[in-house]
Amino acid sequence: MKHSIKVSGNQATISLYDKIYVSQASLLRDDLLEIIDQGVTGLRIDLSGLTYIDSSGLGTLVTINKRVKEKNGRLVLTGAQGLPLELIKRTRLDRVFNVE
């Protein structure tokens, strides 16, 4: 998995590419928690380049969503398609996340 993070003030856009497995999920979580701790409260995660996400990747998104909400912020998932979107819907996380 590759990802890019662009921060502007208290907003960040994160683009995810390829596949997220357990080992990559922890690296992503650490990177995102770090920017949240630096004051970023608005996260927009672009999933359009993501082809697969496992349960640990979904767990990472849940953790990040919880942390952002604790800081009175907002997380939005965009561009989900194919298997990642199907998994988000099957697990009913589309009711937890703001999905665009």
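Residues that are under 15 Å from L75 (Cα atoms) and charged (D, E, K, R) were ranked within the range 1-30; the one that is surrounded by the fewest Cβ atoms within 10 Å (Cβ to Cβ) is K6. Criterion applied to L77, L47 was being in a strand (DSSP E or B), touching a helix residue (DSSP H, G or I) at 6+ places or on another chain (Cβ under 9 Å), among the aliphatic types (A, V, I, L, M) and closer than 18 Å to L27 by Cα, and the one residue passing it is L47.
Here is a yes/no grid of residues against (1) modelled with pLDDT under 95; (2) in a strand (DSSP E or B); (3) closer than 23 Å to D54 by Cα:
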| site | (1), (2), (3) |
| --- | --- |
| V7 | no, yes, no |
| L16 | no, yes, yes |
| S23 | yes, no, yes |
| S26 | yes, no, yes |
| D31 | no, no, yes |
| E34 | no, no, yes |
| G39 | no, no, no |
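For the range 74-86, name all the residues that are closer than 17 Å to I36 by Cα and surrounded by fewer than 18 Cβ atoms within 10 Å (Cβ to Cβ). Across the range 74-86, the qualifying residues are R74, V76.
Candidates V62, V68: the one that is assigned to a helix (DSSP H, G or I), surrounded by fewer than 16 Cβ atoms within 10 Å (Cβ to Cβ) and aliphatic (A, V, I, L, M) is V62.
The values are calculated or read from the model by the stated rules, or taken from the named source; none is laboratory data. All of these numbers come straight from a predicted model, not from anything done at the bench. In this analysis, Cβ positions are derived from the backbone assuming ideal geometry, glycine residues included, and neighbour counts consider all displayed protein chains.
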